[in-house]
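Below is one structure; the comments refer to it alone.
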There are 2 protein chains.
Amino acid sequence: MAQKDGQNYAPRAANAQPVCQKGDFRFSVVGLTHGHIYGMTQNLLDAGGEVVGVFDPDPAKVEKFRQAFPAVQSADCEERILDDAGIQMIATADIPAFRGPLGLRVLGAGKHFFTDKAPFTTLKQLAEARRKVEQTGLLWAVCYTERLQSEAAGYAEQLIASGAIGRVVQVIGLGPHRVNAPTREPYFFKIEEYGGILCDVGSHQVEQFLFFAGCKDAEVVHSKVANFHHPDHPGLEDFGDANLLGDNGASNYFRVDWLTPEGLSTWGDGRTFILGTEGYIELRKYVDVAREATADHVYWVDAEGEHYFNAAGQVGFPYFGRLILDVLSGTRNAMPQEHAFKAAELALQAQAHAIRVK
Amino acid sequence: MAQKDGQNYAPRAANAQPVCQKGDFRFSVVGLTHGHIYGMTQNLLDAGGEVVGVFDPDPAKVEKFRQAFPAVQSADCEERILDDAGIQMIATADIPAFRGPLGLRVLGAGKHFFTDKAPFTTLKQLAEARRKVEQTGLLWAVCYTERLQSEAAGYAEQLIASGAIGRVVQVIGLGPHRVNAPTREPYFFKIEEYGGILCDVGSHQVEQFLFFAGCKDAEVVHSKVANFHHPDHPGLEDFGDANLLGDNGASNYFRVDWLTPEGLSTWGDGRTFILGTEGYIELRKYVDVAREATADHVYWVDAEGEHYFNAAGQVGFPYFGRLILDVLSGTRNAMPQEHAFKAAELALQAQAHAIRVK
């Protein structure tokens, strides 16, 4: 069910190698609201990290987390973790609206911050984060899981870098998700807490566009949101889309929704279409409908022919090792800070300017 | 090559049945510039029609057409065909800019008109056509081949009608085409003759949106065009996209392009994604990349599961028989006149308002 509902979707790279010695990189966790924290934690462990402490106000969440990671010590309050001189980073998958303020406290305590996406629910939070990063030089890393924990996406990165499809001129992203309303945390239906569908799941899509198309900035030229099918949850937006124009002429369209039908074998039929001047790539990230109930299907067409590659177990999630090395060495190879912030900014702008339809 | 380059793409339904007696429905052809005329003619013949005459100023095109349809008589001028009291309809795949004026002459001569898409290259032509139809009561039928000659699209129509995916809230269309620049007619590179990429191949996409989503009207909320990869052909737009909002709340995004790489086994990897509140449909119309070099692949997911159906030979092209019966009986079942015009209108608006990127 965890796979099918997606709430604890925590893909783990098959071939991760530690990038450091045991004890070199120690982190703790504050805020367990979203199951993404399991993938974030596991992939840091697989890359050589060590998880030290955990705090969440809900003891049941802490207990479940400790079952998954028995070495972790539970803390009786957030301050205990902020004050721990033995850790370099604090990770969170708290309610989205709380992530920005938590990050300010984490950097204020001299530690790097690693947050589930969406990192912010307001542009004010983002502005404060930019200032804090500038002041401290610490990392405000964002786990955009739909690329960073997708081996299909990692393989697309390699294909693009090899020149297989020429200049990338467009990225289309489809990000459908299963709603599973009865099992969701209350924040999921409060727009002031999750920030709106474009802010929340849309941020994955913007990040992928900026990354695959190599844009540093973009303009939101159209966006919309709707609640088509969940009248009992007026705070939910179950549909959103946006059209962006990148600073290098590449464009982006994405649709996100909470309309995944019950019959799908997984939580969402996530797709990415990357159009180049010499070819194109399609990612069927989590399922190949009616063909394969498995992940990481990469299709592409170039001058030579039509190609297929199953990237599962072949690419890994190099982001996590790079992130650890960035912390240990002061490098910034995992993801440029401004890229992480820009994706959030554009998702927030798309949300703010969205027309509402019904 | 005809299949791979798409210029003479003329799919023929496997199971067509005549809807009338021989001689009941007789039509002629004026204007052979685009190979679509072969599919239009063949499918009318398969539905019981009889092709009588042909005129094109280029004798080579006429000769080739007569080889395909030996019963047809070549005429020495257009007037000979307009004046033929023995035909009910004139079909054309002339240069797009000439189709509107030809239609005025055809209706003026008391005959129904059947044109390849795009039917118009200016809103003025469309306004004149609307007036002429109102005055005469004759048909101005438009062959939007990417739906009307697609059994996958016909099967999607059935699925939607059955309620399989609930209320349709979005349609995404991808319409890539292979450019084959050396073999193209000169008009292909003259925007004043083909009307721009959104007007031309975009009209297919708008038509499918209006049809599948059940909209009577829509607003173009964003559109753009570009020439990314053909600097030697400045009159070509090789990329275009548009975002429409329908009058019933359903939305549409489509991308059309002339960037199909050489390695694709057919002329374009046309896709349609139809999102409903209870499920979704994906059409892989002309190829299932790296899986099947055949057409009419229908995938859908509903409450019950993930499904696949190969519609080739299963659905036919009912449009052509209905069109003949509309002519013979005065009904309007093949396609509402206003739907055909509205699709063209919105494509023209998308073209007119498009921002140009590079």
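The values are calculated or read from the model by the stated rules, or taken from the named source; none is laboratory data. Bear in mind the structure is a predicted one, so any value in this text is a computation, not a measurement. Note that each Cβ is placed from the backbone with ideal geometry, even for glycine, and that neighbours are counted across all protein chains shown.
A few points about this structure:
- Residue check for A:S251: crowded, with 24+ Cβ neighbours inside 10 Å and either at the interface with chain B (Cβ under 10 Å from one of its Cβ atoms) or at pLDDT below 95 (or both): yes
- Scanning segment A:119-166 for residues that are farther than 30 Å from A:T277 by Cβ, in a loop (DSSP other than H, G, I, E, B) and more than 20 Å from the chain's Cα centre (by Cα) yields a count of 1.
- Taking the conditions (1) more than 14 Å from every other protein chain (Cβ to nearest Cβ); (2) more than 27 Å from A:R356 (Cα to Cα) in turn, B:L159 satisfies each one other than (1).
- Annotation for segment B:17-24: at least one member residue is assigned to a loop (DSSP other than H, G, I, E, B) and of a type in the set (K, R).
- When we screen B:F25, B:F65, B:F55 for residues that are of a type in the set (F, W, Y), over 24 Å from B:D200 (Cβ atoms) and at pLDDT 95 or above, the only hit is B:F25.
- B:G175 being modelled with pLDDT of 95 or more, within 14 Å of chain A (Cβ to nearest Cβ) and in contact with a strand residue (DSSP E or B) (Cβ under 8 Å, 6 or more places away or on another chain): yes
- So B:Y299, is it touching a residue at least 60 places away in the same chain (Cβ under 8 Å), at the interface with another protein chain (Cβ under 10 Å from one of its Cβ atoms), part of a strand (DSSP E or B) and touching a strand residue (DSSP E or B) at 6+ places or on another chain (Cβ under 9 Å): no
- Set B:A91, B:A129, B:A141, B:A164: member being more than 25 Å from B:W258 (Cα to Cα), touching a residue at least 60 places away in the same chain (Cβ under 8 Å) and within 14 Å of another protein chain (Cβ to nearest Cβ): B:A164
- Test result for A:A127, out of contact with any helix residue (DSSP H, G or I) (no Cβ under 8 Å at 6 or more places or on another chain) and either among the hydrophobic types (A, V, I, L, M, F, W, C) or at pLDDT below 95 (or both): yes
- Residue satisfying all of: in segment B:269-288; over 19 Å from B:Q170 (Cβ atoms) and surrounded by fewer than 24 Cβ atoms within 10 Å (Cβ to Cβ); farthest from the other protein chains (Cβ to nearest Cβ) among these: B:D288
- Selection from segment B:226-248 of residues that are more than 7 Å from chain A (Cβ to nearest Cβ) and buried (at least 24 other Cβ atoms within 10 Å of the Cβ): B:E237, B:G240, B:A242, B:L244
- In segment B:108-118 there is at least one residue that is at pLDDT 95 or above and part of a helix (DSSP H, G or I).
- Each residue in segment A:248-266 was checked for being in contact with a Phe, Trp or Tyr (Cβ under 6 Å, 6 or more places away or on another chain) and of a type outside the set (D, E), and 3 of them qualify.
- Residue within segment B:338-352 that is of a type in the set (D, E, K, R) and surrounded by fewer than 17 Cβ atoms within 10 Å (Cβ to Cβ) present: yes
- Test: residue in segment A:59-66 that is in the same structural domain as A:G23 (by TED's automatic domain parsing), closer than 25 Å to A:C20 by Cα and not charged (D, E, K, R): yes
- Residue count for segment B:303-318, restricted to those that are surrounded by fewer than 22 Cβ atoms within 10 Å (Cβ to Cβ) and either of a type in the set (A, V, I, L, M, F, W, C) or touching a residue at least 12 places away in the same chain (Cβ under 8 Å) (or both): 9
- Filter result (within 16 Å of the chain's Cα centre (by Cα) and not small (G, A, S)) within segment B:171-198: B:L174, B:P176, B:H177, B:Y194, B:I197, B:L198
- Residue in segment B:202-212 that is within 13 Å of chain A (Cβ to nearest Cβ), crowded, with 20+ Cβ neighbours inside 10 Å, farther than 24 Å from B:R99 by Cβ and modelled with pLDDT of 95 or more present: no
- The numbered conditions (1) among the acidic types (D, E); (2) out of contact with any His (no Cβ under 9 Å at 6 or more places or on another chain); (3) facing chain B (nearest Cβ under 7 Å) are all true for A:E292 except (3).
- If the condition is being in contact (Cβ under 8 Å) with a residue 40 or more places away in the chain and aromatic (F, W, Y), then segment B:13-67 contributes B:F25, B:F27.
- Matching residues, segment B:305-353, being within 14 Å of chain A (Cβ to nearest Cβ), in contact with an Asp or Glu (Cβ under 8 Å, 6 or more places away or on another chain) and either over 30 Å from B:L45 (Cβ atoms) or assigned to a helix (DSSP H, G or I) (or both): none
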